[in-house]
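One structure below.
Just so you know, all these numbers are worked out from the coordinates, no wet-lab data involved. Since we're looking at a predicted model, the values are computed, not measured. FYI the Cβ positions are ideal-geometry reconstructions off the backbone, even for glycines, and counts take in every protein chain you see.
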Amino acid sequence: MNKIEARLIQSLNEILSPDRVLTSDEDLVPYSFDGTAALKQRPGAVVFPLTAEEVSECVLLARRNNVPVVTRGSGTGLSGGSVPLDGCLVICLVKMDKLIEVDEKNLTLRAQSGVITKEIDDACAKVGLFYPPDPGSMKISTIGGNVAENSGGLRGLKYGVTRDYVMGFEVVLPDGTLTFLGNKCVKDVAGYSMKDIFIGSEGTLGIITEVILKVLPRPKARKTMLALYDSMEDAAKTISAIIAAKIIPCTLEFLDRVTVQCVEDYAKIGLPTDVEALVLMETDGHPVVVEEEAAQMMALAKANGARDVRAAADEAEGARLAAARRNAFSALARVRPTTILEDVTVPRSELAAMVAFIDAVAKKHKLQIGTFGHLGDGNLHPTFLTNERDHEEMHRIELALEEIVEETIRVGGTVTGEHGVGLAKKSFLKRQLGEGSYELMRSIKKALDPQGLLNPGKIFD
Amino acid sequence: MASANLLQSLDYSVLQQCMHCGMCLPTCPTYVETKMERNSPRGRISLMRAVADGDLQVTKALSDEMYYCLGCLACQTACPAGVNYAELFETARAEVEQAQVDDGMQRGFWRWLSLNVIFMRPWLLRLIGRVLHVYQSTGLDALMRRLRFFGLMPPSLKKLEPQTPKIAEHFSDDLIWPEEKPKQDRGYRVGLLTGCIQDLAFSNINRDTADVLLANGCEVITPRSQSCCGSLHAHNGELELARELARRQIDSFDLDSLDAIITNAGGCGSHLKTYGHLLHDDPFYAGKAKQWDKKVKDIHEWLVQIRFRKPTAGAGVSEVTYHESCHLCHGQKVVSQPRQILASIPGLTFKELPESNWCCGSAGIYNITQPEQSQKLLTRKVENLRQAGVPVVATSNPGCHLQLANGLRACSSHPCQEVTQPVTLLAQAYRAEQSAQGGGVS
Ligand SMILES: Cc1cc2nc3c(=O)[nH]c(=O)nc-3n(C[C@H](O)[C@H](O)[C@H](O)COP(=O)(O)OP(=O)(O)OC[C@H]3O[C@@H](n4cnc5c(N)ncnc54)[C@H](O)[C@@H]3O)c2cc1C
Ligand code: SF4
Ligand code: SF4
């Protein structure tokens, strides 16, 4: 790949201004990675546009000079999506951070792509509204990054994922064209649903510069409960029973034994460490309904073998109970120097078996794997605790991951439920999709970006 | 002198612990200001790691970055992975000092004068304090300013002059006896650290601390002429001097006979609790330093631990808010205790300060080395104090105390008029109790 030439840097300085063009070693090293473990590559330059027009000019310049472009939000991605290519131009959108409008009449919100996800929900909360997608990284991830990864969160079971809230956006195409896809209309069937192709496209098809989001009235009440189990099967049975009782809780999350132990070691919440599974349940909505559903869920948990069920007395205690789940990743990350967070998803009926399978794989390869995730939607996060400098152990992790992925695909699951393909899952994609849909995806990329300008080598080669 | 690359000789797993998740970014005052990765904890750690890996030279730009960091440790509180940023930060600053990439003559001279000479010699520091006191109390300072004497000084020092703390008339040794016994002994015997800036500018707060301890049945041992704890040195890359000061500090106390060593300055306390690590290689001091770490307690922490007695009288203040010193809340995780103390005082309403744990920009000598960023943070803090709308703010570190006082003084018609400390308010309440009962202090 060609390194960025001085002439090109000069042009970037003219398009933007020198303080928004980074080229020194000290400036570039910190852009060599995103949140994905063990992936690293220094870019050629990093730029910070402030407007869609500036983005477009940068793309045109890169295109004329054949320099690949990697779009970056806050770099919290967990599949290597914003990890640079050698000598590429990184377009970082964090300075495009204006929240443009909260439209209470239409229940929509308009923001530049670099706005932090949590700021969107905070702005909604001020006027009694609600932006449901809440990825664990919401305090720092950008809304553009969320759209590009189609991020999900703890409330996904009831409220869905980012895609369900994107009504439209402004996007810069690989040829520099600036266009708007979608609008504020609740119903819109004019032509192909073009915006859907860009949601979850991981920066390979276009650079999203502004979004219109759908927002909801804020639920009036919320109740949080915690159930402890001696067997994973019982936990899974409870979930099925809840769904069968026609209740859609907003959250059904679980931690396995390894994770509970780590959480307790770290956060000292007072959890018993000999449980096989801990399930966090949450329901929200009208206060009367919430009360009724919460009582039903607790009864179902008990009937299905929960050893103990606790309900939070108020919001503060609810937050404390939820902390057990929110702390899961943190607690695991403290155990060993390197933490590799995986993201397989299986049909909900396969959950208990899958957790047992992961457990067996860990034993077989003598690895430490903590598993937690979204029981309600089948999304599991087996988390490998290791040291990237231990090459022998890293090799065993590869083998274990291979087996887990095989099994996931065998039971009809997907290799990523929310973190995307990026670089990390590239090798598994074809196996899951099969020839037909894999080639369809590639041909779309070719049609939109024949030159392979945007994030080349991500998702597929 | 030392090895070629300090970051290289650091336990690599400390660097590796950062998984670049970015959760620290929104809490970092320098990142939030610029939104550039190198100004973030994650970015700085990646730079350190690149140096350790031999992928990056130690340059002036690297040095600038390490000195742009406040060392506020907000990142350490936010970090899910438990990265020990304090250790990385001190090592990195020592690294850039050792590489001498930033050696302007003037910077070198002033650093040497303050770190190697003044703060290493308690008698000299106090002597300077005396001279400054005379200078300030005779009005000579105003005269000099009028005569534009400071036109002759280097610009960085000139800017500093109006910020010089008001030096107290008496230092701690004049106010506190080497051994003081409580009226009702609860069997605790504690050592009291008087600090250096605290001693020069706020010796009354040391007296208040002793009073509060006595009122809670603790015998107080205060060794004479204590030296600086070395936190300034450690935070500015002079680890050898910091070790020397740590040894002296440990030697000033008879550790075995004491239940706790009490500190009332957030910044010092945070450093004092790491002597074990600082001296872990020292054949003679390693064990003592470990014992020391266990006994060092922040005053608020200690008071809550021994279930301090709630005062029955008020402190003469009706409303108060609380600014958290970074090193008390992020460094020592002492968060609820100062609030509990304030809330225990009868007739005093406690109101939370928005962004109470966002750095005020004092950060050791940051207000001297990075006046611009420091000022931005101070402005933000003063604005938050306006939001709180309360006449008194309490804090627990001499640097923050001075910074807030300077910020508020520069801002006329600000609702907040007074800076104080939780221990001072508690001491006032105990005193009010005593005078109600017609007795003396303690
Ligand atoms: C602690 C932690 C918890 C997490 N929890 C969750 C979770 O619960 N659910 C979840 O789904 N993810 C989670 N993630 C993953 C990650 O936060 C999300 O993928 C997030 O959406 C990434 O946002 P970002 O702004 O950091 O994007 P980046 O990481 O910078 O970029 C991600 C991808 O999007 C592309 N991109 C970014 N901005 C744009 C744009 N404006 N236009 C086009 N392409 C763009 C990039 O090229 C890249 O391919 C978590 C990550 C961490 C570190
Ligand atoms: S110590 Fe403070 S300024 Fe330095 S990186 Fe951490 S949060 Fe940022
Ligand atoms: S929060 Fe901790 S692990 Fe995450 S990037 Fe910051 S320092 Fe690294």
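So the values come out like this:
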item	result
Over the stretch A:221-321: Rg over Rh, Cα atoms, Kirkwood Rh	0.96
FRET efficiency, 1/(1 + (r/R0)^6) with R0 41 Å, evaluated for B:GLN57 and A:LYS268 via beta carbons	0.40
Convex hull projection area averaged over all views, the protein assembly as shown, Cα basis, nm²	40.7 nm²
Modelled label reach - B:HIS280, point 7 Å along Cα→Cβ, the stretch A:321-357 residues with backbone N closer than 19 Å	A:334-338
Alpha-carbon Rg with Dmax, taken over the stretch A:363-461, Å	15.8, 46
Scattering curve values for the stretch B:340-442, log₁₀ I(q)/I(0), Debye with Cα scatterers, q = 0.10, 0.14, 0.16, 0.25 Å⁻¹	-0.33, -0.59, -0.73, -1.36
Under-5 Å amide H pairs with A:THR371, H placed in peptide plane, nonlocal only	A:ASP256, A:VAL258, A:THR259, A:THR383
Hits among lysines - C-alpha to C-alpha of B:LYS290 under 26 Å, sequence gap 8 or more where chains match	A:LYS268, B:LYS273, B:LYS333
Approximate spin-label separation B:LYS183-B:SER413, in nm, with each point projected 7 Å along Cα-to-Cβ	4.7 nm
Mean Cβ count within 10 Å, highest first, over the residues of peptides A:422-431, B:82-91, A:67-76, B:169-178	A:67-76, B:82-91, A:422-431, B:169-178
More than 34 Å apart - percent of Cα-Cα pairs taken over chain B	32 percent
For residues of B:40-50, the mean tally of beta carbons on other chains within 10 Å	4
B:GLY195 long-range amide H proximity, modeled H, under 5 Å	none
Mean separation of Cα contacts under 8 Å, 6 or more apart, over the residue count of chain B: relative contact order %	14 percent
The stretch B:388-442 versus the stretch A:2-75: alpha-carbon centroid distance in Å	50 Å
Cα shape, the stretch A:27-132, gyration tensor, a/c 1.5 rule	oblate
Distance between modelled label sites at A:SER443 and A:GLU406, nm, 7 Å Cα→Cβ extension	3.3 nm
Neighbouring partner chain Cβ atoms per residue of B:59-68, average, 10 Å criterion	2
Ordering of A:267-278, B:261-272 by burial proxy (mean other Cβ atoms within 10 Å per residue, highest first)	B:261-272, A:267-278
29 Å Cα-Cα threshold exceeded, pairs from A:LYS158/A:LYS187; A:LYS105/A:LYS446; B:LYS181/B:LYS295; A:LYS118/B:LYS376; A:LYS363/A:LYS445	A:LYS105/A:LYS446; A:LYS363/A:LYS445
When the stretch B:12-99 is reduced to its Cα atoms, the Kirkwood hydrodynamic radius in Å	12.8 Å
For chain A: relative contact order, % (alpha-carbon pairs under 8 angstrom, 6 or more apart)	15 percent
Length released on extending from A:VAL288 to A:LEU99, taking residue separation times 0.36 nm less the Cα-Cα span	64.6 nm
Taking the convex hull of Cα positions in chain A, its mean projected area over all directions (nm²)	22.0 nm²
Nitroxide proxy distance, nm - points 7 Å out along Cα→Cβ at B:SER318 and B:VAL335	3.2 nm
Expected-Rg normalisation [2.2 N^0.38 Å, Cα atoms] applied to the stretch A:221-411	1.03
Over the stretch B:319-433, relative contact order from alpha-carbon pairs under 8 Å, at least 6 apart, %	31 percent
Average beta-carbon neighbours from other chains, 10 Å sphere, peptide A:331-338	5
Over the protein assembly as shown: helical MRE at 222 nm, DSSP H runs n ≥ 4 each giving -39500 (n - 2.57), nearest 500	-12500 deg cm²/dmol
Highest average packing first - B:422-433, A:32-43, A:389-400, Cβ atoms within 10 Å	B:422-433, A:32-43, A:389-400
At R0 = 30 Å, FRET efficiency that the Cβ-Cβ distance of A:ASP86 and A:ASN387 yields, to 0.05	0.70
The stretch A:99-217 - Rg (one decimal) and Dmax (whole number), Cα, Å	13.3, 41
